[in-house]
Each structure stands twice: as structure tokens, then as C-alpha cells.
Amino acid sequence: MEEEKPSVEIADIGIVNSHDHLCLLYQEETEVLNLVLHFIQKGVAIGERCVYLNAAQQKLERLLQNVVEVQKQDSGALVLLPVKQTWLRGGTFRQERVLELLRNICAGAAAEGFSGTRIICDMAWAVKDAKSLELLNRFERDLTSFAAEHDTALLCLYDRRLFSPELLLELARIHPGVVSGGRVCGNPLFIPPGAQPRKKAAVCELDVFLAASQRITMVEAETERLKQELEQAYAALARKIYENWQEEDTLRASEQEIHEKDEALLANRRRLQTILQHLPAVMMAFDNADRLAACNHEFERVTGYRGEEVMGKPMLELLQVDGALREDVVSAHPPQGGDYRGREWNLRCRDGSPKLISWSNISRYVPITGWVNWIIGLDVTPRVQAENGLRALKGELEARTAELEAIGQAVSQDLGARLARISGDCGRLQKLNKSQLDPPCRELLEDIGAAARELSGAVAALERMTALTAAELQPVEVDLSAMASEIAAQLSDHAQRPVDFRIEDGVTVTGDKDMLRLAMEQLLGNAWHCTIGVKHPVIKFGTAQVEGERSCYVSDNGPRLSASLCEATGGGSGPEGSCRGIGFATVQRIINLHRGRIWSAEQAGKGGTLYFQV
């Protein structure tokens, strides 16, 4: 069985704990500047001393030097140490000397009243020669032990442009924590000092989740089938036992009849024993002292015991129950026989492991001589294990989904702000230098501004969709006709261009009103842009029967270069194509969330139609 991966804990880069040993891999200077500065600011704010051991980041060192000069009142809260005084003192790297320096730093901070220390280690010194790279691995492992023994947080910086990917992967696995996306994450690949390396994962996590989901579905279906078969067997067994008892009462009334039917009764009993022995469920029968009087083959298979090894043992010795659960077991098996169903207790196996069994006791309804209580159980251990695994995978998926939603929201906001800046810069440039620009330049500036505004709208739609998908769907009856009329009026007010909107009345669907509003805005907005330059533009919205199903559609008579939705959603070669791609992707995501589908019926040069169902 594969070892279960620990859950990943996420915190702000500045909120770290003492004894943390973190790894930051970066490619751009702005990335390391922002993160390290935030790391130091948080440390200084809570009364910790921050020490930067420089190796190659001169820009970062200059920035921190300015901070030291401006904030002199911090009384040594930020200390900068150059490479020749730390890593390569004396011309070479000596691990014992560097560790002694770190210990002195921690001791000095404590003596001067700081609550702790934060040490930033720039590891670019290790690329000096091959020998330094060999020492780096051992040094990082010792840093993990050092952080565990001292009241300090270590942040190791690695420039991905200086180190090979293979070495960086090996070094990352040594750190208990990594910085990713501006946040501190528990390292799921962390190998504790002295532990053997784990086997590399060969299956995509999504495939693992889907396979686990399929397995649990199959287990649940199989469990339901076995329950039905067991209930049928219970009923058949009860009827058979009842018939046998009726036959015995009749035989007692007449010795002659008993003699004549004795062989038939014995045969019926043998069949009953055969049924009980070969039932696909665990069967145990107890006498009036709650000791095992009989068991079947399924009991032997599940527990690993042979029948003769456990015959006569007390019931509480066979069942693995403790505390109040023991009293529950005893009370469920009264001397007159029990009648419960669905009680779940662990059954002790030969190897000491427990098996969770769902028990049913029908002794009171079908009494058997010598068996005060006889119970039948179904092994539900695989189901419980599968449910636990599915819950763990579900939790991990929800966490990763939340991460993706947060990243998408941040990207959308960043892109929207940058596009707004581009559009504003174009407008200011045109206003300031309009008289000096020739007509082609002015047209180019107008095109750039228009493209930026158009793409900004698509990014804003993407941001809206990200915010909407973070909450659950709120299905209500939505009037798409009224919604389409409102959007058409807004488009007409935004740009004075005559467009013939033909909207069918009374088109309603059930879905999330805000999401469907966003989808309709994108569809009608796309049709509006496609009809720019058309002499008599016509945009239609309505319903049609497609393959026997009611479908909504949005069509226009604008020119088309492609005839498939996949090509349309991929975007074109210019900014307008990219904008349409984001818009179509937003619509397709909304339709997918409503368990619907969307497809294109475009014809090159003859307009296009988008059909969708929700």
C-alpha cells in the first residue's frame, strides 16, 4: 500500500514559525526582491532579528542596505553580511565555520533581546566549483537539524538559472517547507534526515483521484448487490427454517410420521447446514453462555482461524470491542435471542488485525435449538477504507481547487489593471502628441487602445466567472429573452451602430442567474463584434429543435474564417481573436457547470450560430 501523503499547509510568506527551514526557487529578480523583503518586514514587525548572508544578489543587497540606512532606529534588526565574511571566508567554504557563525548570530540576537532570528541564505556561492556543489547537499541537511535546535527560521535562496533542475529537485526534497506562489507550503516530497528516498510518483494525481472514485463506486455497487442477495438469503433461510419447524411439529404428533419423514428431515438439516456453511457472509452461533457453538467457511476465510481453534471461545474474545461497546454487544444478545440489524463491530483476526463487520441477528425470529444467538455479518472493511480514501482525496481536491480559484482571481485582477494602464497610456499619448503623429500612428494607437479595452472586458468577465464559481450554483428559473433584450439595449447604447436584434420571447431555463447573465453577455458581445463592418447586421436569439432536443442559439451574419467552436475558442492571431477565445472559454465553463453542452454551426463567410443547452 502506498504511503499516504501529508496534507499541505499554506500560510503567508511572512508568517513563519521558529525552526522552519524553507526553500525559495526563483527565476526573476523581482520575485526574490518582493518575497525576501516581505519576509524581513514581517520578522522585524514581531521583534525578530533578520540576517542576510549574501552571495550573488547585488540588487537585493543594495535594496536592503538602503533599508538599513533609513531605519536606523531598529537597532540592528536587519544585518547584512557579505559573501567573503560568511560563505567564502578565507577563500573557501567550510561548513563548521558557517554553522558556528549561525549559532553566534542566534545567540547574539537572544542576548540583545530579540524574540528570534530570521536568516536568509543566498546559495549562489555553491556554483563557484564542483566541490562546493558536493558540499551543498550535506550542508542543507545539517541546516534542517540546525533549525530544529535553534530559535530561528531559515530561508534558502536558489537562482534556477544557476543550478541544474536535477540538483534543484534533490535540494528541494531536503527542505521541510518550500515557498511557492508567494506562500509557505509544507513540502510533500520532504525526506527527513536519515530516511530513505521515496519512490517517485508515476501516476497523475487526477488519474489517481478518478481511479479511486471509480473503485469506491464499484465497491458501493457491489456492497448493495451483496446486501440484496443477503436479504434474499435471509428470507429464504427464514422460510426454510420455519418450514422445517412445522415439519418437526407434525412429526412429533405421530411416531409413525416421524419415522417415515426422518430421512427427509435429516436431508433438510444437511441442506440448511450447507447453506449456512457456504453463505457469502460471516456466520457465528453462540450457546446460552455466549460461547461459540458454530461458524461457517466465510468466518474461517475472513479471520484466518480454523473452526476447531475457536470453538467454545467467549463472544467478547472473538469480537474486538472495548469500553461501553462491550456492554452494547452483551445487551444485543439476550438469552431469548436478538433481532438487530446493521450493528458494526470489529471481528478479531488470527494476525491480530480487526475486520469491520456489519452484523444482523435474527435469532428471535428464526430460533435454532442450541443456538441462543446466531448472527450473520458482511465484511465492510473495504468499503470503509475506500470511503476514507475518497474523503482524503476530496479534501485535497477542494484545497487544490481553492488554490486555482485564488490564482485565477489574482491573474485576472493583474491583467485587468495592466490592460487598463495600456489603454490609458494610449489615450494620454494620443492626446499629448496628436498633432505630431501621422495618421497611421494615430490609427495604430486607437487600435491598441480598443484591443486593450476589449481584452480588459474579457478578463473582467473571467474574473466575474471565477468569483461566481467560488460559490455554489443557485438554480432558479431565468428568463433568457428578457436578459438578451437588456444586453442588446446596453450594446446599442455603448456604440451608436444600427444592429437588428431579433429576440424570441418567452425563452426560460433553470440555472444560476448571475452565471447565465455572464454567458449571454459574452455570446451577444461576440456576435456584436463579428458584425462590425457588415452593411445590415442581424443578431438573433431563440430556440430550435436539434436532434429532437430543445436548444437555445445565438446567431449573426458576420463573416467567419473558421467553422468550428474549437477553433473559435482558441482565438485568432490578433488581440481580437484572443479576446474571443477568453470569452468562449468563459461561456463553455459556465455551460459545463450547468451540465449542459455548447457547439458551433459556423459556415465560413456566411455568419455563424452557437447552440447551447442547460
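The values are calculated or read from the model by the stated rules, or taken from the named source; none is laboratory data. Computed from a prediction, not measured in an experiment: that's the story for all the values here. Every residue, glycine among them, receives a Cβ derived from its backbone with ideal geometry; neighbour counts consider all protein chains shown. Only protein heavy atoms, including side chains, enter the accessible area calculation; ligands, DNA and RNA are left aside. Shrake-Rupley method; radii C 1.70, N 1.55, O 1.52, S 1.80 Å.
Overview of results
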{"item": "Pick from the stretch 118-132, criterion at pLDDT 85 or above and in a helix (DSSP H, G or I), ranking: farthest from GLU100 (Cα to Cα)", "result": "VAL127"}
{"item": "Residue under evaluation SER115, criteria (1) in a helix (DSSP H, G or I); (2) open to solvent by 40 Å² or more (accessible area, probe 1.4 Å), criterion not met", "result": "(1)"}
{"item": "When residues of the stretch 13-31 are limited to those that are more than 12 Å from GLY182 (Cβ to Cβ) and buried (at least 17 other Cβ atoms within 10 Å of the Cβ), the one modelled with the lowest pLDDT", "result": "VAL16"}
{"item": "Cβ-Cβ under 7 Å pairs, at least 6 apart or on other chains, the stretch 386-397 side under 15 Å from GLN214 (Cβ atoms), far side modelled with pLDDT under 90 and open to solvent by 50 Å² or more (accessible area, probe 1.4 Å)", "result": "ALA386/ARG215"}
{"item": "Identity of the residue in the stretch 164-196, more than 17 Å from ASP142 (Cα to Cα) and part of a loop (DSSP other than H, G, I, E, B), that ends up modelled with the highest pLDDT", "result": "SER164"}
{"item": "Enumerated helices (runs of 4 or more DSSP H) restricted to the stretch 301-401, each holding at least 1 residues that are more than 22 Å from GLN273 (Cβ to Cβ) and open to solvent by 50 Å² or more (accessible area, probe 1.4 Å)", "result": "315-318, 324-331"}
{"item": "Leading residue by the ranking (modelled with the lowest pLDDT) among those in the stretch 247-300 that are assigned to a helix (DSSP H, G or I) and among the hydroxyl-bearing types (Ser, Thr, Tyr)", "result": "THR250"}
{"item": "Tally, over the stretch 369-395, of residues that are more than 32 Å from the chain's Cα centre (by Cα) and within 14 Å of GLU344 (Cβ to Cβ)", "result": "4"}
{"item": "Residue count, the stretch 487-508 (criterion: under 24 Å from ILE532 (Cα atoms) and surrounded by 15 or more Cβ atoms within 10 Å (Cβ to Cβ))", "result": "7"}
{"item": "Among the candidates ARG239, ARG225, ARG252, ARG270, residue that is open to solvent by 90 Å² or more (accessible area, probe 1.4 Å), within 47 Å of the chain's Cα centre (by Cα) and of a type outside the set (Val, Ile, Thr)", "result": "ARG225"}
{"item": "Residues within the stretch 494-547 that are under 18 Å from THR609 (Cα atoms), without any contact (Cβ under 8 Å) to a residue 24 or more places away in the chain and over 42 Å from the mean Cα position of the chain (by Cα), tallied", "result": "0"}
